[in-house]
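Visitor: The structure that follows is given in the form of structure tokens.
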Amino acid sequence: MDKYIGKMLDDRYEIIELIGSGGMANVYKAKCHRLNRMVAIKILKTDMAENEEIRRRFQDESRAVAQLSHANIVSVYDVSTSGDTEYIVMELIDGITLKQYMARRGEMDWRESLHFIIQIMRALEHAHSRGIIHRDIKPQNIMVLRDGSVKVADFGIACLQNAAQTMTQDALGSVHYISPEQARGEHIDARSDIYSAGVVLYEMLTGRLPFEGDSAVSVAIQHLSSVPLAPSEIREDVPKALELICMKAMCADINKRYASATAMLEDLENFRKDPELDLEYIREELSEKEDTEPTRYISKKEISEAVRTNKKEQADKAEKTEKTSIAGTKQEKKRMAILVGAFAGALLAIFLIFTLVSGGFKGDTGADGYKVPNIVGMTVEEAEKLQSINGIFKIEVIGTKESSQFSEGQIVTQDPVEGTVRKNNLTIQVFVCANEEKTYMPVTAGMTETEAKVMLKNLGLNLSIQIQPKASDTVPKGQVISSSPSEGSQIKKGFSVILYVSSGKEITPVTIPNFVSMTEENAIKLAEKLGLVVTSGISEYSDRPVGTVIEQSIPVGGDAQTGDKITFTISKGPKDTNVPVPNVNRMTLNQAKAALEAAGFHVEVNWLGEKSDNNSVISYEPNGSAAKGATITITVIAQPEQDGE
């Protein structure tokens, strides 16, 4: 059992489990009892801690990473020593590496690649601004979180820029992502990180690495002497502008590469805003008299010849440098001595490469290396029992693939391939067969954002769900308009899903017209067509026709935008003038009618009982006053006949 599991560091950090292992250190999941949170702790390996140079590098990492504070960089909380244990406390990331994400995702969309590379470059821009070069940018050191954000991790071989000189024989970085100047053992700067980031972008866009070979040596030499196939030659849907950005970042000539992460970010952001962006100036820069050739397989014989030539050139250059240093001043001697040391380091690195090329492919084991056996078609358990694997190679499952040729659990592919000789990095990465049940993108349109998220999470596919606001005139704010992948498309575990959620109607400037004199109905129709919201208006008497607009709350030509409210005042027509109603009580019907009609009113008669010429008005309404021309209702009753005596 690991000696650190269950151990408490500085009476604060309780080690729970091992979650990762690198060349220099192990990474553990731990609990900080002081702040009651989970953290990741990197502890220098015991055998490494005995090496003063490695201890120094580990301390350099601590100082370097502690300076960084950025949303796209894994945070460092604490740097400490407990007894003879040196450790770094970091943010615990809930996610997977970009390498694992690419393996699970399969073919990535260029938009997703753009989303990731922009975040990676933002992290590098921040680190470079503080004099820190990562020196090991690769998908394995980039974490993808559940929300689709990215964090650059493992500054394990980072160093302060002002302390960086030349690479020695130490195997720094990974050969598939290493810059040409790193491969040559020359001085490196921030542009080396840009090259490696370009390779990562290339891999995301095409699904393959720019340079492949049967050994690390052959791949390294291709970085020095070859130009990869253009991404659009592999994937036709890769936009030309994004391809040019990628190829400029990956240019072997460091002077034609992006000068800074900020410069590359500027092109990426401009492309994001306009995918039709014209970046042909890059093509012209990169095509200026370069003696290059497309990616191709390089044989072991060619590798040996290239290494011999390189060795002779470096030796001649070192001899020339030594003569110059003797003839110079003390200051020049000191400077040239540093250069000689640099070339000596490079020569030593080339000698080691030559040793690998000339003697590393004999197929021997032990001191000469171990030959990788063929384990394709076996289960991991079966492969681990092989005599050529057990106790020598570690098998790492990095993903699953569907295959009709293999049964579930059998190894589909392996890296490195059979026959490769390894002296170090004795790990074989494999994909195993997993005949997964097909799952299709459900219908999310019309759901609220929360409802759609819950449904997608319930699929159990660990999907990376991203929300993209989008204006809509028809879909209410907060509801899903559409998704990518679209409904009915096949989705797999770890896929990235974008939900386009309505942000309501698009807000745009509105020029306010003159609504006065329009009918209320026409004014409302025009206002709504312009994107305005008509609120309940008021009515007033006026000399304008009834039902027409006489005032508007926003003046003609006033500043407004879609969604603003406007109120109309509607005409009730001219205001009527009331006149007194004559008192006609006790009058006869004829007398009452004559009096009311003379005052300008209309008369309506309501008989109470039988009609009679001998009658009398007993009531009328309205009384007091009424509008001229109004109708006055009078109630009439018959009077009894008088005796003739």
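Visitor: Failed condition for ASP154, given (1) buried (at least 24 other Cβ atoms within 10 Å of the Cβ); (2) at pLDDT 85 or above; (3) in contact with an Asp or Glu (Cβ under 9 Å, 6 or more places away or on another chain); (4) not small (Gly, Ala, Ser), with all others met?
Guide: It fails just one condition, (2).
Visitor: Right, something else. Name the pairs whose Cβ atoms lie under 9 Å apart, with the first residue in segment 74-99 and closer than 13 Å to ALA49 by Cα, the second open to solvent by less than 30 Å² (accessible area, probe 1.4 Å) and part of a loop (DSSP other than H, G, I, E, B), and 6 or more positions between them or separate chains?
Guide: THR85/TYR4
Visitor: From the list ILE375, ILE411, exactly one residue is part of a loop (DSSP other than H, G, I, E, B), at pLDDT 85 or above and among the β-branched types (Val, Ile, Thr). Which is it?
Guide: ILE375
Visitor: Could you check segment 553-573 and list, in sequence order, the residues that are within 24 Å of GLY504 (Cβ to Cβ) and out of contact with any helix residue (DSSP H, G or I) (no Cβ under 7 Å at 6 or more places or on another chain)?
Guide: Result: SER553, ILE554, GLY558, ASP559, ALA560, GLN561, THR562, GLY563, ASP564, LYS565, THR567.
Visitor: Still on this structure, I have one more. Within segment 272-288, restricting attention to residues that are in a loop (DSSP other than H, G, I, E, B), out of contact with any helix residue (DSSP H, G or I) (no Cβ under 6 Å at 6 or more places or on another chain) and of a type outside the set (Gly, Ala, Ser), which residue is most open to solvent (accessible area, probe 1.4 Å)?
Guide: GLU276
Visitor: Given the conditions (1) part of a loop (DSSP other than H, G, I, E, B); (2) touching a residue at least 40 places away in the same chain (Cβ under 8 Å); (3) over 18 Å from the mean Cα position of the chain (by Cα), which single one is not true for VAL510?
Guide: Among (1) part of a loop (DSSP other than H, G, I, E, B); (2) touching a residue at least 40 places away in the same chain (Cβ under 8 Å); (3) over 18 Å from the mean Cα position of the chain (by Cα), the lone unmet condition for VAL510 is (1).
Visitor: Quick one: GLY391 ticks every box in (1) in contact with an Asp or Glu (Cβ under 9 Å, 6 or more places away or on another chain); (2) open to solvent by 70 Å² or more (accessible area, probe 1.4 Å); (3) farther than 30 Å from GLY531 by Cβ bar one, so which box is it?
Guide: (1)
Visitor: I'm trying to understand the selection: among the residues of segment 460-493, which are in a loop (DSSP other than H, G, I, E, B), more than 19 Å from the chain's Cα centre (by Cα) and modelled with pLDDT of 85 or more?
Guide: Correct list: VAL475, PRO476, LYS477, GLY478.
Visitor: Of these, ASN578, ASN585, which one is modelled with pLDDT of 85 or more and either surrounded by fewer than 17 Cβ atoms within 10 Å (Cβ to Cβ) or within 30 Å of LYS505 (Cα to Cα) (or both)?
Guide: When all the criteria are applied, what remains is ASN585.
Visitor: For segment 215-251, which residues satisfy the criterion of being open to solvent by 40 Å² or more (accessible area, probe 1.4 Å), modelled with pLDDT of 90 or more and over 24 Å from the mean Cα position of the chain (by Cα)?
Guide: Once the filter is applied, which keeps residues that are open to solvent by 40 Å² or more (accessible area, probe 1.4 Å), modelled with pLDDT of 90 or more and over 24 Å from the mean Cα position of the chain (by Cα), segment 215-251 yields nothing.
Visitor: Filter segment 544-558 for residues that are within 19 Å of LYS529 (Cβ to Cβ), open to solvent by 40 Å² or more (accessible area, probe 1.4 Å) and either of a type in the set (D, E, K, R) or without any contact (Cβ under 8 Å) to a residue 40 or more places away in the chain (or both) and give the result.
Guide: SER553
Visitor: Could I ask something else about it? Considering segment 128-147 alone, what residues qualify as being assigned to a helix (DSSP H, G or I) and touching a residue at least 60 places away in the same chain (Cβ under 8 Å)?
Guide: Narrowing segment 128-147 to residues assigned to a helix (DSSP H, G or I): 128-129, 139-141.
HIS128, PRO139 - these are the residues of segment 128-147 that are assigned to a helix (DSSP H, G or I) and touching a residue at least 60 places away in the same chain (Cβ under 8 Å).
Visitor: Would you pick out the residues in segment 252-271 that are part of a helix (DSSP H, G or I), of a type in the set (S, T, N, Q) and either buried (at least 19 other Cβ atoms within 10 Å of the Cβ) or without any contact (Cβ under 8 Å) to a residue 40 or more places away in the chain (or both)?
Guide: Across segment 252-271, the qualifying residue is only ASN270.
Visitor: Then there is this: How about segment 401-421: which of its residues are among the β-branched types (Val, Ile, Thr) and either in contact (Cβ under 8 Å) with a residue 60 or more places away in the chain or open to solvent by less than 20 Å² (accessible area, probe 1.4 Å) (or both)?
Guide: Hits for segment 401-421 are ILE411, VAL417, THR420, VAL421.
Visitor: Within segment 1-29, which residues are more than 19 Å from VAL74 (Cα to Cα), assigned to a strand (DSSP E or B) and either of a type outside the set (A, V, I, L, M, F, W, C) or at pLDDT below 90 (or both)?
Guide: Hits for segment 1-29 are GLU14, GLU17.
The values are calculated or read from the model by the stated rules, or taken from the named source; none is laboratory data. Given the structure is predicted, the values throughout are model-derived calculations rather than measurements. As a convention, Cβ positions derive from the backbone with ideal geometry for all residues, glycine included, and neighbour counts pool all protein chains shown. In case anyone asks, the SASA skips ligands and DNA or RNA and just uses the protein heavy atoms, side chains included. Shrake-Rupley method; radii C 1.70, N 1.55, O 1.52, S 1.80 Å.
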